[in-house]
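**Q** Sharing a structure, written as structure tokens. Questions coming.
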Amino acid sequence: MCRRVWKTSWLGGLALLIAAIAQGAEPKLTFDDIKSVDGGATLQADCQAGTPPPGTTFLYVLKDHFKLLHDPSSVGRIPKTTTFRHSFYIEDRSVTPPAWFLCDTQITPLGVFASRYEDANFTISRDGVEDKGRIRIPIVNIQAGDPIEITKPAAPLNVDLSGDRGLEISPHNLSGIPVVIDQAVIVTPTHSKYWDFGDPKKPPRPGQTANVLLPAPKTIDPGQTIRIELPFHPRLGALWGTLTSLKPDGVHDTVGIEVTYKSDVGGVAGPRRVDVDVHFVPSIPSLAFALLAGSLLGTIAVQTLPRAWRGLHAAREIALRGLVLSVATWFLAFFLVRQGSKFVVFNLELDPLQFISVLFIGFVMSGGKAVLRYIKLAKDASSAAEPEGVS
């Protein structure tokens, strides 16, 4: 019985050996080192039997005997290293039926350069058959730092209080591989009460972060800069924020914006933050109301000065003349500021697109200037009447 079992095992092993010989040896895939001015990469492949997964988009090269395929979705970093694992597949077309093999390949970038696609020279050999060729593959390099850049605008971003457009950022892809911006964006405004994040009854507390969602992930191609509009908008209460600065380039709020990016190949992800200064621009109706209210206030104030009241008819003429002067002055101020000049009244640089500035223009041009002059004279007279101290 022992002889029978030994004979059966021997025959089984011989059958496997014959099948292996008939199938042939595993192919050998070798790559030349990639070399460039700013760095390069080494590639080491280990092949075994394996078929490519269905439904995968491959980069491939077809030669005389072999077909070499690269699976971009397989690229993944080996933990705690700068090396990435890639899956290559070889179809041996010199045999019938064609044989498939999986080549697990480790690619290690050498040098500090942005991720990019490179041409790799390869050699495939099996059972005395050999092919040489070149295939273009992605080289992912985490040593170069963040693949995207979001530059803080030099001047505050103008945000219309009456419009539907929110803040915009412009990320730029520094690498040679597409980068995907995730839908979830974290925003941290200095004054959260100025912003509507979708729930007007529960605004975030000061300094608290809020999450907003983009309609879809955004893909940035290599070397491309795109504009992303964030889906949150200022509240009407942000009008009070314009009181903090009257200058055309005044900062009314600062919003921290953090996006999460992921390399389209290799899955390398990370956050990127930028702090954006914001300048609120009131709506045209609110500016018209401010000009009218300031003009009316100036007309009423000038009538309270000594010996200023000359009857209702004269007051109406003064009011109309003041309103016309206010409108003309506003247009002049708007033109000067748009041309890059400054509009200064009483040593105050005013922005003709700010509520309090327009209110002040209407007040001064409708008689407020005489009121301020009278107050100054009265103050000077009061100071002169005070007795000097005895030394």
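The values are calculated or read from the model by the stated rules, or taken from the named source; none is laboratory data. Source: prediction; values computed, not measured. Glycine gets a Cβ as well: all are built from the backbone with ideal geometry, and neighbour counts include every protein chain shown.
**Q** For region 251-262, check the following and say yes or no: at least one residue is in contact (Cβ under 8 Å) with a residue 40 or more places away in the chain and touching a helix residue (DSSP H, G or I) at 6+ places or on another chain (Cβ under 6 Å). Even if it seems obvious, please write down each step before you answer.
**A** Applying the first criterion (in contact (Cβ under 8 Å) with a residue 40 or more places away in the chain) to region 251-262 yields 251-262.
Cutting the leftovers down to touching a helix residue (DSSP H, G or I) at 6+ places or on another chain (Cβ under 6 Å) gives us 252-253.
Looking for residues that are in contact (Cβ under 8 Å) with a residue 40 or more places away in the chain and touching a helix residue (DSSP H, G or I) at 6+ places or on another chain (Cβ under 6 Å), one finds at least one in region 251-262, hence yes.
**Q** Right, another one. Residues that are among the polar types (S, T, N, Q), surrounded by fewer than 19 Cβ atoms within 10 Å (Cβ to Cβ), modelled with pLDDT of 95 or more and within 30 Å of the chain's Cα centre (by Cα): does region 60-77 have at least one?
**A** The initial filter retains those residues of region 60-77 that are among the polar types (S, T, N, Q), namely 73-74.
Filter once more, so that each one left must be surrounded by fewer than 19 Cβ atoms within 10 Å (Cβ to Cβ): 73.
Next cut, modelled with pLDDT of 95 or more only: none.
Looking through region 60-77, none of the residues is among the polar types (S, T, N, Q), surrounded by fewer than 19 Cβ atoms within 10 Å (Cβ to Cβ), modelled with pLDDT of 95 or more and within 30 Å of the chain's Cα centre (by Cα).
**Q** Which ones in region 227-238 are in contact with a Gly (Cβ under 7 Å, 6 or more places away or on another chain) and either surrounded by fewer than 16 Cβ atoms within 10 Å (Cβ to Cβ) or outside any strand (DSSP E or B) (or both)? Steps first, please.
**A** First, pick out the residues of region 227-238 that are in contact with a Gly (Cβ under 7 Å, 6 or more places away or on another chain): 229-233.
Listed by number, the residues that qualify are GLU229, LEU230, PRO231, PHE232.
**Q** If you don't mind, another one. Tell me the residue from GLY250, GLY241, GLY198 that is in a helix (DSSP H, G or I), more than 17 Å from the chain's Cα centre (by Cα) and modelled with pLDDT under 85, please.
**A** GLY241
**Q** Residues of region 110-153 being over 20 Å from ILE177 (Cβ atoms), among the acidic types (Asp, Glu) and crowded, with 17+ Cβ neighbours inside 10 Å, which ones? Show your work before the answer.
**A** Applying the first criterion (over 20 Å from ILE177 (Cβ atoms)) to region 110-153 yields 121-133, 151-153.
Now restrict to residues that are among the acidic types (Asp, Glu): 127, 130-131.
Matches in region 110-153: ASP131 only.
**Q** May I ask you to list the residues in region 271-286 that are at pLDDT 85 or above, more than 14 Å from THR190 (Cβ to Cβ) and either outside the structural domain of GLY176 (by TED's automatic domain parsing) or surrounded by 14 or more Cβ atoms within 10 Å (Cβ to Cβ) (or both)?
**A** Listed by number, the residues that qualify are ARG272, VAL274.
**Q** Next question. So which residues in region 96-117 are more than 15 Å from SER263 (Cβ to Cβ) and in a strand (DSSP E or B), if there are any at all?
**A** Quick first cut of region 96-117, residues more than 15 Å from SER263 (Cβ to Cβ) only: 96-106, 108, 110-112.
Once the filter is applied, which keeps residues that are more than 15 Å from SER263 (Cβ to Cβ) and in a strand (DSSP E or B), region 96-117 yields ALA99, TRP100, PHE101, LEU102, CYS103, ASP104, THR105, GLN106, THR108, LEU110.
**Q** So for region 167-185 (the condition being part of a loop (DSSP other than H, G, I, E, B), touching a His at 6+ places or on another chain (Cβ under 7 Å) and surrounded by fewer than 21 Cβ atoms within 10 Å (Cβ to Cβ)), does at least one residue qualify? Before you say what the answer is, go through the steps one by one.
**A** Quick first cut of region 167-185, residues part of a loop (DSSP other than H, G, I, E, B) only: 167, 170, 174-178.
Cutting the leftovers down to touching a His at 6+ places or on another chain (Cβ under 7 Å) gives us none.
Checked region 167-185: no residue is part of a loop (DSSP other than H, G, I, E, B), touching a His at 6+ places or on another chain (Cβ under 7 Å) and surrounded by fewer than 21 Cβ atoms within 10 Å (Cβ to Cβ).
**Q** Another one. Which residue pairs have Cβ atoms closer than 6 Å, lie 6 or more positions apart in sequence or on different chains, and pair a first residue in region 359-383 that is assigned by TED's automatic domain parsing to the domain that holds LEU348 and modelled with pLDDT of 70 or more with a second residue that is in a helix (DSSP H, G or I) and β-branched (Val, Ile, Thr)?
**A** Pairs found: ILE361/THR329; MET365/THR329; SER366/THR299; GLY367/THR299; GLY367/VAL302; ALA370/VAL302.
**Q** Further, regarding this structure: Can you tell me how many residues within region 38-74 are among the hydroxyl-bearing types (Ser, Thr, Tyr) and assigned to a strand (DSSP E or B)? Give the steps one after another, and end with the answer.
**A** Residues of region 38-74 among the hydroxyl-bearing types (Ser, Thr, Tyr): 42, 51, 56-57, 60, 73-74.
Of the ones still in play, those that are also assigned to a strand (DSSP E or B) are 42, 60, 73-74.
Result for region 38-74: 4.
**Q** Considering only residues that are free of Cβ contacts under 8 Å to residues at least 40 places away in the same chain, part of a strand (DSSP E or B) and within 26 Å of VAL129 (Cβ to Cβ), which ones fall in region 75-95? Before you say what the answer is, go through the steps one by one.
**A** At the first step, the residues of region 75-95 found to be free of Cβ contacts under 8 Å to residues at least 40 places away in the same chain are 78-81, 83, 85, 87, 89, 91, 93-94.
Those still in the list that are part of a strand (DSSP E or B) too: 85, 87, 89, 91.
Selection gives SER87, TYR89, GLU91.
**Q** Of all residues in region 289-347 being β-branched (Val, Ile, Thr) and assigned to a helix (DSSP H, G or I), which is farthest from ASP249 (Cα to Cα)? Let's see the steps before the verdict.
**A** Just the residues of region 289-347 that are β-branched (Val, Ile, Thr), to begin with: 299-300, 302, 304, 318, 324, 327, 329, 337, 344-345.
Then drop every residue that is not assigned to a helix (DSSP H, G or I), which leaves 299-300, 302, 318, 324, 327, 329, 337.
On the way: THR299: 30, ILE300: 32, VAL302: 32, ILE318: 34, VAL324: 27, VAL327: 22, THR329: 20, VAL337: 11 Å.
Taking the candidates together, the pick is ILE318.
**Q** Among (1) free of Cβ contacts under 8 Å to residues at least 60 places away in the same chain; (2) not in a strand (DSSP E or B), which single condition is SER162 missing?
**A** Only one criterion in (1) free of Cβ contacts under 8 Å to residues at least 60 places away in the same chain; (2) not in a strand (DSSP E or B) is unmet by SER162, namely (1).
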